[in-house]
Structure formats: structure tokens, C-alpha cells
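Novice: Mind having a look at this structure? Questions to follow.
The values are calculated or read from the model by the stated rules, or taken from the named source; none is laboratory data. All values reported here derive from a predicted model rather than from experimental measurement. Neighbour counts are summed over all protein chains in view; Cβ atoms, including those assigned to glycine, are modelled from backbone coordinates with ideal geometry.
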Amino acid sequence: MKRLLMTGASSGIGLEAARLLACAGHQLTLLCRSQERCEQTRQHLLAAGADASRIVCHAVDLADLFSVERGCQQLLAQGQALDGLVLNAGQQRAGATAPVFSAQGIEITFAVNQLAHQWIATRLLPLLRAGEQPRLVITASDVHDPATGGGRVGQPADLGDLAGLRSGASFVMLDGSERFDGDKAYKDSKLCNVLLGRELARQLEGVMPVIAWSPGLVIPRCREGFFRYNRQSNPVGMALFAAVARDLLRVTESVQTAGRLLAALTTEADYGTPGFSYWSNRLVRPGLHRFEAKATSPNAADFDQASALWRLSELLIGRCLDCVSRP
């Protein structure tokens, strides 16, 4: 039995991975964005046959650094070692031309997909270090790489010199651009995720596996989960895109397969080599994906960029937690 903590387990591939891991007898601590989502997730897992004593859900809103900090404080106070930390939550606002901001005034794609996860990793690293053969898994995406199919559509991922993050102001794009592009913001956040894995592996000096991975294009049929914001803003367009991608072009991956891959990355010995690795569930031809270790984009292999992103993000988190009155 492994003691695992996961974000983004209330829907999509995270929920499917949690179901598989729970039914395999692992101890799960799941961070969900609200108490309602905690209860829904718990009931789903119990209905699937999970042991109630091995499922713990905490309401932690990744769009609010105070909520993240409170959750981390609670977990640190409990002191239970972790054998796996799975940073899986994410959101995408493709097509959006106006930014949405987090509780601390940070563009929400970056705040949720990257910043909250860096802080969780920072705060809970002592629990992970205390675990038995621990590993860290980060759900990224091939769209971080402009050479891939998804990465070359629209504006490519590119953080520039992190001018937006360096400015200390309420930036809308990490590269400092004042024109918001929801699709690029998502790609940039996935590039950040891979760089986060690079930096954590460097800091950990090879003592545990740090895995970043791409599940492929996964479009759940339900209205909740990763694509919920796109469905709300453009339900007809999203439904058409999903139908064409999934049923006509056959370029998508199923929630079940992607969830199984995430569960495997979290626990199986085949993925237990210490140090950084990137795994991609890449489309080979319509209807067929191949899951294998791949090189990241050159930008995602830039150790100086990874270090700068970590340092500037750490400063931003510090300012947010220090200068705003705690609720």
C-alpha cells in the first residue's frame, strides 16, 4: 500500500486514476476545490469499491494561495509521510481573449496549473522525502512543444525572459505581452509544468523519480472537469470540436486509458528510475497512441529558465501570502 496525494482527482483522468488506485488498496489524500466536490469524489470512489478508511478529501482551492497554504499546514500538522505526490489539476480557457484572475490577482491559468502546484511541492516536500520509495508526478502536455501537433496550432509556448512574472504587477501573459491569449496561456503553463519538474529534480539531486507526462488529447463526455470553462463559454463550438476530434478524426485518448497511465506512473516499478523523465502518450495515427519516454522541447530543457521560473514564482507567492490580509 502506498500513501498518495493527488490534485485534480474530482473529474476526468484524475478521478479515473484515483478509482484505480483506491480499488488497488492505496491510501489516497485528495485535494478538491470545494467541500461539495470532496463529498462527490468520495462517494464516487466508495461506490466503485474503495475502502472508506483509505480515502481522505480536503477542500483546497488552487485558485487561492491562502486555501493552498491552509491545506498544506493541515497536512504538515498531521505529519503523514507521502510515497507519491501527484500534481494533476489543471484548467484551460482556450479561445478566451480576456484574462480571469485568481483570489490574489494572478492570471488564473498560471495560478492553478503552475503556481499552486509549485507551492504544494515546496511545502509538502518534507512529507515526500519521508516516504517509502517516493516519487513526484506532474501532468503536463505535449502542447508545451511547438514541434508537436497540438503545440504548433496557434501561438507556440514561449516564456520569453519571463517579463510578465518579473514585473511584479498583475501581468496577463508570462512573456510580458499585454494581449491575453487563452490558448497560449495554457501552453505556457504546460511549459512551466515541465520546467517545474526539471527544477524539482535538480533540487532533489536524483533521490527520487520526478515524472512529467502528457496524456494526449482527452475530452471527457461530462460537463465537469478540465474543459468545463470552454463548455460554458462556447458550448456549441466545444461540442462540435469534441465530436470531430473524438469520433471523426479519432485523435483523442479515452479518460479510462489516460487514467490508467497516470495510476501506473504513480505506482509501477517501470517508472521508478530516480531523476527527471518525460513521458508522452503521443498519437501515432488516428485511433492509435504510443506511450513512451520522449525528449522535451529545447525550451523545457533550459535549466536556467527553470531556475528563474522557480525563483520568481517563489517571490510572487511570498508577496501574495505576506501582503494580503488573511481571511
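Novice: Pairs under 6 Å by beta carbon, first residue over 19 Å from GLU178 (Cα atoms) and touching a residue at least 60 places away in the same chain (Cβ under 8 Å) in region 71-99, partner assigned to a helix (DSSP H, G or I) and not hydroxyl-bearing (Ser, Thr, Tyr), six or more apart or different chains?
Specialist: ALA81/LEU127; LEU82/LEU127; LEU82/LEU128; LEU85/LEU128; LEU87/HIS117; ASN88/GLY14; GLY90/ASN113; GLN91/VAL112
Novice: Take the residues in region 29-56 that are hydroxyl-bearing (Ser, Thr, Tyr) and in a helix (DSSP H, G or I); name whichever of them is surrounded by the fewest Cβ atoms within 10 Å (Cβ to Cβ).
Specialist: Step one: list which residues in region 29-56 are hydroxyl-bearing (Ser, Thr, Tyr), which gives 29, 34, 41, 53.
Imposing the further condition that a residue be in a helix (DSSP H, G or I) reduces the set to 41, 53.
Working: THR41: 22, SER53: 7.
Of everything passing the filter in region 29-56, SER53 is surrounded by the fewest Cβ atoms within 10 Å (Cβ to Cβ).
Novice: Only one of (1) surrounded by fewer than 23 Cβ atoms within 10 Å (Cβ to Cβ); (2) among the β-branched types (Val, Ile, Thr); (3) touching a residue at least 40 places away in the same chain (Cβ under 8 Å) is not met by ILE106, so which one is it?
Specialist: Every listed condition holds for ILE106 apart from (1).
Novice: Another question, then. Considering only region 165-210, state which residues are more than 20 Å from LYS294 (Cβ to Cβ), in contact with a helix residue (DSSP H, G or I) (Cβ under 9 Å, 6 or more places away or on another chain) and small (Gly, Ala, Ser).
Specialist: GLY168, GLY176, SER177, GLY182, ALA185
Novice: State whether one or more residues within region 18-28 are touching a strand residue (DSSP E or B) at 6+ places or on another chain (Cβ under 9 Å) and surrounded by fewer than 21 Cβ atoms within 10 Å (Cβ to Cβ).
Specialist: So the first thing to find is which residues in region 18-28 are touching a strand residue (DSSP E or B) at 6+ places or on another chain (Cβ under 9 Å), and the list is 18, 21-22, 26-28.
Within this subset, residues satisfying the condition of being surrounded by fewer than 21 Cβ atoms within 10 Å (Cβ to Cβ) are 27.
Yes: region 18-28 contains one or more residues that are touching a strand residue (DSSP E or B) at 6+ places or on another chain (Cβ under 9 Å) and surrounded by fewer than 21 Cβ atoms within 10 Å (Cβ to Cβ).
Novice: Can you find a residue that is among the hydrophobic types (A, V, I, L, M, F, W, C), farther than 28 Å from ASP270 by Cα and within 12 Å of the chain's Cα centre (by Cα) anywhere in region 93-103?
Specialist: No, region 93-103 has no match at all.
Novice: Moving to a separate point now. Just name the residue that is surrounded by the fewest Cβ atoms within 10 Å (Cβ to Cβ) out of those in region 3-17 that are in a loop (DSSP other than H, G, I, E, B) and touching a helix residue (DSSP H, G or I) at 6+ places or on another chain (Cβ under 6 Å). Reasoning before the result, please.
Specialist: In the first step, residues of region 3-17 are kept if they are in a loop (DSSP other than H, G, I, E, B); the result is 8-11.
Narrowing further to those that are touching a helix residue (DSSP H, G or I) at 6+ places or on another chain (Cβ under 6 Å): 8-10.
Values: GLY8: 29, ALA9: 33, SER10: 25.
It comes out as SER10.
Novice: Please determine, by comparing only the residues of region 19-32 that are touching a residue at least 40 places away in the same chain (Cβ under 8 Å) and not β-branched (Val, Ile, Thr), which one is farthest from ALA263 (Cα to Cα).
Specialist: First, the residues of region 19-32 that are touching a residue at least 40 places away in the same chain (Cβ under 8 Å): 19-21, 24, 26, 29, 31.
Those still in the list that are not β-branched (Val, Ile, Thr) too: 19-21, 24, 26, 31.
Values: ARG19: 9, LEU20: 7, LEU21: 6, ALA24: 10, HIS26: 11, LEU31: 16 Å.
Ranking the candidates gives LEU31 first.
Novice: Another one. Does region 268-306 hold any residues that are modelled with pLDDT under 95 and outside any strand (DSSP E or B), and which are they?
Specialist: Matches in region 268-306: PRO286, GLY287.
Novice: Considering each residue of region 97-140, count those that are outside any helix (DSSP H, G or I) and among the aromatic types (Phe, Trp, Tyr), and give that number.
Specialist: Residues of region 97-140 outside any helix (DSSP H, G or I): 97-107, 130-140.
Checking which are among the aromatic types (Phe, Trp, Tyr) leaves us with 101.
The total comes to 1.
Novice: For region 155-197, enumerate the residues that are surrounded by 24 or more Cβ atoms within 10 Å (Cβ to Cβ), closer than 18 Å to PHE303 by Cα and among the charged types (D, E, K, R).
Specialist: ASP188, LYS190
Novice: Any idea how many residues of region 268-316 are closer than 23 Å to GLU205 by Cβ and not polar (S, T, N, Q)? Reasoning before the result, please.
Specialist: Step one: of region 268-316, the residues closer than 23 Å to GLU205 by Cβ are 269-279, 293, 295-296, 300-314.
Now drop any that are not not polar (S, T, N, Q), which leaves 269-272, 274-276, 278-279, 293, 295, 300-304, 306, 308-312, 314.
Qualifying residue count, region 268-316: 23.
Novice: Within region 22-48, count every residue that is farther than 17 Å from GLY71 by Cβ and under 18 Å from the mean Cα position of the chain (by Cα).
Specialist: Count: 0.
Novice: Quick one: count up the residues across region 144-154 that are farther than 18 Å from ALA301 by Cα and among the small types (Gly, Ala, Ser).
Specialist: Residues that pass the stated criteria total 3.
Novice: Six or more apart or on different chains, Cβ under 7 Å: which pairs go from a residue in region 260-288 that's closer than 17 Å to ALA22 by Cβ and loosely packed, with under 14 Cβ neighbours inside 10 Å to one that's modelled with pLDDT under 95 and of a type in the set (Val, Ile, Thr)? Could you list them?
Specialist: Partner pairs satisfying both residue conditions: none exist.
Novice: Also, quick follow-up: Please pick out the residue among ARG179, ARG166 that is modelled with pLDDT of 95 or more and not in a loop (DSSP other than H, G, I, E, B). Break it down into steps so the answer makes sense when it comes.
Specialist: On the way: ARG179 fails: not in a loop (DSSP other than H, G, I, E, B).
Step by step, each of ARG179, ARG166 is checked, and only ARG166 is modelled with pLDDT of 95 or more and not in a loop (DSSP other than H, G, I, E, B).
Novice: Being closer than 24 Å to LEU82 by Cα, of a type in the set (A, V, I, L, M, F, W, C) and surrounded by fewer than 24 Cβ atoms within 10 Å (Cβ to Cβ) is the filter here, so list the residues in region 201-219 that pass it.
Specialist: Start the filter on region 201-219 by keeping residues that are closer than 24 Å to LEU82 by Cα, which leaves 201-215.
Keeping just the survivors that are of a type in the set (A, V, I, L, M, F, W, C) gives 201, 204, 207-208, 210-213.
ALA201, LEU204, VAL207, MET208 - these are the residues of region 201-219 that are closer than 24 Å to LEU82 by Cα, of a type in the set (A, V, I, L, M, F, W, C) and surrounded by fewer than 24 Cβ atoms within 10 Å (Cβ to Cβ).
Novice: Output the residues belonging to region 57-74 that are outside any loop (DSSP other than H, G, I, E, B) and either of a type in the set (Asp, Glu) or over 20 Å from HIS44 (Cβ atoms) (or both).
Specialist: Residues of region 57-74 outside any loop (DSSP other than H, G, I, E, B): 57-59, 65-74.
The answer is LEU65, PHE66, SER67, VAL68, GLU69, ARG70, GLY71, CYS72, GLN73, GLN74.
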